[in-house]
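**Q** For reference, the structure I am asking about is given below.
The values are calculated or read from the model by the stated rules, or taken from the named source; none is laboratory data. Just so we're clear, the structure is a prediction, and the values are computed from it rather than from any experiment. Here the Cβ positions follow ideal geometry from the backbone for every residue, glycine too, while neighbour counts run over all protein chains shown. Remember, those area values only see protein heavy atoms, side chains included, never the ligands or the DNA or RNA. Shrake-Rupley method; radii C 1.70, N 1.55, O 1.52, S 1.80 Å.
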Amino acid sequence: MSKVSGLFQDLTTIKKARNGRLASWDQRGKNQDYWEIPARESIVLGEVEGPGCITHIWMTSSCRKVKAPSILDPVSNASAAPVMEIHPALGVIWDDYDPFYYRKALIKITWDDQDTPSVLAPFGDFFCIGNCYPGNFSSLPFNVSLKPEESGRYGAPCSVSCYFPMPFNKRAKIEIVNENELPFILYFNIDYEMYKEPLDENTAYFHSSWRRENPCDGWGPDIQTNSPEVNNVTNLKGDGNYTVLDVNGTGHYVGCNLTVKHYQGSWWGEGNDMFFIDGEEYPSLNGTGTEDYFNHAWGMQRNAFPFFGTIVHEGDTDGFQVSYRFHITDPVRFEKSLRVTIEHGHANHLSDDWSSTAYWYQTLPTGKKITILPMEERLPNVPVLPGRKQRTPELTEEMKAARETWNKRWEEYSPARQEQFRIKENKARRESKLNTEFAKKLRDEYK
């Protein structure tokens with residue numbers, strides 16, 4: 001047994017394992033290295049036989065609405081890279097991002113022979129993209145990389161990574177459920193290890209779930225935060241707290257991301273975190289404020305550290321904050337059950353929009369079936385500009401001809417472009433099966 005210790009101790013020990021990868025690479029040998037995830041459909045990225053462990057997930061995606069006929073041929077352009085770096089104002093192409101597809105799609109992971117997933121969360125929120133609004137950040141288990149020109153946009157494309165180890169004994173099944181009316185493209189690499197010997201019976205399996213309260217049930221949203229009337233209200237048992245996680249079983253909680261859309265205009269924090277371990281009436285762990293739980297102080301700062309930080313600061317948005325806290329060196333352990341809660345304002349006086357993704361490990365079977373809100377109830381609350389009435393002036397003959405030409409070009413372009421989407425969707429369905437077949441081939445060779 002190695003006497004080496006430390007965060008990277010595994011790198012100093014030889015282990016018997018074989019690497020594998022599920023990926024969106026073009027299995028025809030061409031360069032269309034992405035899948036078109038069909039609308040209203042679930043696609044299996046791959047199934048892997050165990051024993052094994054997912055060691056890294058990388059993905060990037062984009063979802064675009066076709067707004068107008070391009071001057072590019074829809075068939076030949078379909079073989080080009082899917083990134084069209086030409087501004088719509090130039091008149092070459094006019095596609096616009098679906099701003100909320102990060103919450104219209106779900107990531108779903110099922111371990112072993114369970115009939116219920118252990119991971120079920122909106123695609124974006126799982127990777128710490130709160131409110132469909134990506135922000136650059138780097139933590140130990142999650143990273144998001146966003147181009148500067150895309151910052152400040154709902155639905156902006158970016159790359160995401162997850163480094164949480166995800167062991168499995170019999171099988172791992174990874175799916176994307178697209179509940180959107182539009183398809184979206186997905187590049188992905190899912191790296192894993194295979195082992196010859198079964199995992200220990202005490203192996204804890206990775207879990208993740210998403211929750212939202214919109215709004216939280218506050219008793220005094222019209223009373224200013226930190227006023228004496230609010231601060232003198234007692235809350236010892238966490239009645240009415242926002243619930244980050246409520247789970248049965250044996251395991252340990254390793255953190256969350258939290259998105260808060262604040263409406264009072266003052267300060268959304270001050271709510272204590274309260275952890276109820278193994279069914280206790282009063283919390284074993286009682287914090288001193290939401291900002292303190294996320295290791296900030298005197299409000300929230302603009303930073304991103306390995307275990308905690310701010311991804312999106314409320315001062316840079318229309319009033320929402322995305323923060324994270326990972327218990328990598330200080331997991332919260334439980335033998336029977338765990339409830340992780342936070343007050344929404346002191347004693348739960350605020351009525352803000354809260355959503356969160358929790359991450360934890362526990363032995364199988366998964367203690368409580370993980371459920372998720374319908375798509376319509378997952379969409380973020382964003383400002384809506386008032387509608388405007390457009391007056392159409394009297395058209396000249398040239399204007400009429402221009403509009404007729406545009407309409408004719410759209411009638412030809414739109415079905416041709418849609419047909420290319422269907423071709424790529426069929427490619428994704430085909431390569432879904434090939435991914436699982438290839439993973440089985442690797443597994444059979446390493447027995």
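**Q** What is the extension gain from V75 to V4, computed as 0.36 nm multiplied by their sequence separation minus the C-alpha to C-alpha distance, in nm to one decimal?
**A** On the way: separation 71, 0.36 × 71 = 25.56 nm, distance 5.75 nm.
Computed gain between V75 and V4 is 19.8 nm.
**Q** Where does the Debye-calculated log10 I(q)/I(0) of the chain sit at q = 0.12 Å⁻¹, using only Cα point scatterers of equal weight, no solvent?
**A** -1.08
**Q** For a Förster distance of 30 Å, can you work out the FRET efficiency between the beta-carbons of D33 and L140, rounded to the nearest 0.05? Mind dumping the intermediate values first?
**A** On the way: r = 28 Å, r/R0 = 0.93.
That gives a FRET efficiency of 0.60.
**Q** While we're on this one: Quick check on the chain: helices-only [θ] at 222 nm, where DSSP H runs of length 4 and up contribute -39,500 (n - 2.57) each and the sum goes over total residues. Nearest 500, please.
**A** -4500 deg cm²/dmol
**Q** Taking θ as phi - 60°, what are the ³J(HN,Hα) couplings along the stretch 278-286 by the Karplus curve (6.51, -1.76, 1.60), each to the nearest whole Hz, with x for Gly and Pro?
**A** 6, x, 5, 7, 10, x, 6, 10, 10
**Q** Taking the Cα centre of the stretch 317-447 as origin, work out the dipole magnitude from +1 charges on Lys and Arg Cβ and -1 charges on Asp and Glu Cβ, in debye rounded to 20.
**A** Working: 25 positive and 20 negative charges, 138 e Å.
I would put it at about 660 debye.
**Q** Continuing with the same structure: Once the Cα gyration tensor of the stretch 140-215 is diagonalised, what are the square roots of 5 times its eigenvalues, in whole Å and ordered largest first, as equivalent ellipsoid semi-axes?
**A** Numbers: eigenvalues 186, 56, 44 Å².
Here the semi-axes work out to 31, 17, 15 Å.
**Q** Return the distance in nm (one decimal) between the two label points of a simple spin-label model at Q224 and K441, each offset 7 Å from Cα along Cα→Cβ.
**A** Between Q224 and K441, the simple spin-label model gives 6.9 nm.
**Q** Still on this structure, I have one more. What trypsin sites (Lys or Arg not before Pro) in the stretch 141-199 are in a loop by DSSP, with at most 16 other Cβ atoms within 10 Å of the Cβ? The partial results should precede the final answer.
**A** Details: sites: R153, K170, R171, K173, K196; in loops: R153, K170, K196.
Here the trypsin sites (Lys or Arg not before Pro) that fit, given the DSSP loop and packing criteria, are R153, K170, K196.
**Q** Please report the relative contact order for the stretch 175-280, taking Cα pairs under 8 Å with a sequence separation of at least 6, and give it as a percent rounded to a whole number. Let's see the in-between values first.
**A** Working: 21 pairs, mean separation 30.4, N = 106.
In percent, rounded to a whole number, it is 29.
**Q** Using 1/(1 + (r/R0)^6) with R0 = 60 angstrom and r between the beta carbons of N286 and E397, what's the FRET efficiency to the nearest 0.05? Show your work: numbers first, answer last.
**A** Values: r = 76 Å, r/R0 = 1.27.
That pair, N286 with E397, gives E of 0.20.
**Q** So, one more: Among the listed pairs K3/K108; K65/K408; K30/K408; K104/K173, which are separated by more than 27 Å between their Cα atoms? Walk me through the numbers on the way to the answer.
**A** Values: K3/K108 38 Å; K65/K408 19 Å; K30/K408 33 Å; K104/K173 20 Å.
Those over the limit are K3/K108; K30/K408.
**Q** How far apart, in nm, are the 7 Å Cα→Cβ label points at Q420 and H56?
**A** 3.2 nm
**Q** Using the Cα atoms of the stretch 33-104 to build a convex hull, what is its mean projected area in square nanometres?
**A** Details: hull surface 28.0 nm².
Mean projected area for the stretch 33-104: 7.0 nm², to one decimal.
**Q** Okay, moving on. What does the extension gain come out to for A297 and H87, with contour length at 0.36 nm per residue minus their alpha carbon separation?
**A** Values: separation 210, 0.36 × 210 = 75.60 nm, distance 4.16 nm.
Stretched out fully, the A297 to H87 stretch lengthens by 71.4 nm.
**Q** Turning to a different aspect of this structure: Where Rh is the Kirkwood radius over the Cα pairs of the stretch 202-335, the temperature 25 °C and the viscosity 0.890 mPa s, what D in µm²/s does Stokes-Einstein return? Present the calculation step by step, with values, prior to reporting the outcome.
**A** Details: Rh = 16.3 Å.
My calculation gives 150 µm²/s for D.
**Q** I've got another one for you. If the chain between K389 and E376 were fully stretched, how many nm would it gain, using 0.36 nm times the residue separation less the Cα-Cα distance?
**A** Values: separation 13, 0.36 × 13 = 4.68 nm, distance 2.77 nm.
Roughly 1.9 nm would be gained on extension.
**Q** Mind jotting down the three principal axis lengths of the stretch 308-439 based on Cα atoms? Whole angstrom, largest first.
**A** 77, 52, 26
**Q** Using a 1.4 Å probe, how large is the accessible area of Y282, given in Å² and rounded to the nearest 10?
**A** 110 Å²
**Q** Give me the net charge of V160's neighbourhood, meaning all other residues with Cβ under 15 Å from the Cβ of V160; Lys, Arg count +1, Asp, Glu -1. Please list the in-between numbers first.
**A** Working: positive: R103, K147; negative: D125, E150, D191.
Taking every other residue near V160 into account, the sum is -1.
**Q** Calculate the spin-label point distance for E149 paired with L11, positioning each point 7 Å from the Cα along the beta-carbon direction, and give it in nanometres.
**A** In this crude label model, L11 to E149 measures out at 3.6 nm.
**Q** How big is the stretch 1-74 by Rg and Dmax over its Cα atoms, in Å?
**A** That works out to 20.1, 65 Å for Rg and Dmax.
**Q** Okay, next question. Given a cut-off of under 8 Å on Cα pairs at least six residues apart, what relative contact order in percent is computed for the chain?
**A** On the way: 1008 pairs, mean separation 103.2, N = 447.
With pairs under 8 Å counted, the relative contact order is 23 percent.
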